[in-house]
1. What is the number of the single condition among (1) over 24 Å from ASN47 (Cα atoms); (2) surrounded by 13 or more Cβ atoms within 10 Å (Cβ to Cβ); (3) among the acidic types (Asp, Glu) that GLU134 does not meet?
2. Taking the range 111-130 only, how many residues are in contact with a Leu (Cβ under 8 Å, 6 or more places away or on another chain), touching a residue at least 24 places away in the same chain (Cβ under 8 Å) and buried (at least 16 other Cβ atoms within 10 Å of the Cβ)?
3. Enumerate the pairs (first residue in the range 89-103 and more than 22 Å from PHE79 (Cα to Cα); second residue anywhere and among the acidic types (Asp, Glu)) with beta-carbon separation below 7 Å, excluding pairs fewer than 6 apart on the same chain, so at least 6 apart or on different chains.
4. Specify the residue that is surrounded by the most Cβ atoms within 10 Å (Cβ to Cβ); the eligible residues are those in the range 37-53 that are among the hydroxyl-bearing types (Ser, Thr, Tyr) and part of a helix (DSSP H, G or I).
Amino acid sequence: MLKFLKNKTILIKYIILIGFILISNNTYSQYFIGKHKTEIIFYMKNNLKGFSLNTSTINSTFKYLKYENFITQETILFFLNNKDTCTSVRWISDYSNINNRIEFLNKNYKKTSDTTWYYVENNKKVNIILKEEEWYFTINFLPLK
């Protein structure tokens, strides 16, 4: 009986871990461009519990929300206009996450090259551009004007 309970506990831990991975990958399926600041905060709080809002950085040039996940070494910046509406998103990540991110982009968006994808929402096209830097990579969600 003890062995059965031990195996059941391990199984439950694996299920929780898989659920966390699925939730964290699901971020890209939420289209943030055009969403109000309060909608983004609500979504992040309820769906991406591994990310924390960082309000310690003040930038007088850009208005944005900054979320950080120290476990996966990722940062998400939601750039806002004067009405607190998201105009673009920049996902900054450690290279240990690149294969998972590319796989998700390939699965959920239309690929136009090895480093670009797009989607259309409300008749507006949003380009997704992966850029490899020396120590990290970024995924930028930029609407076409």
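1. Here GLU134 clears every test but (2).
2. Total meeting the criteria: 2.
3. ASN97/GLU74
4. TYR43
Residue by residue, here is whether (1) hydroxyl-bearing (Ser, Thr, Tyr); (2) assigned to a strand (DSSP E or B) holds:
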site	(1), (2)
THR55	yes, no
GLU68	no, yes
THR72	yes, no
LYS83	no, no
SER88	yes, yes
ASN97	no, no
GLU103	no, no
LYS107	no, no
LYS125	no, yes
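We did not get these values from a lab; they are worked out from the coordinates using the rules stated. In this text the structure is predicted, and so the values were computed from the model without any measurement. Ideal geometry is used to build each Cβ from the backbone, glycine not excepted, and the neighbour counts take in all protein chains shown.
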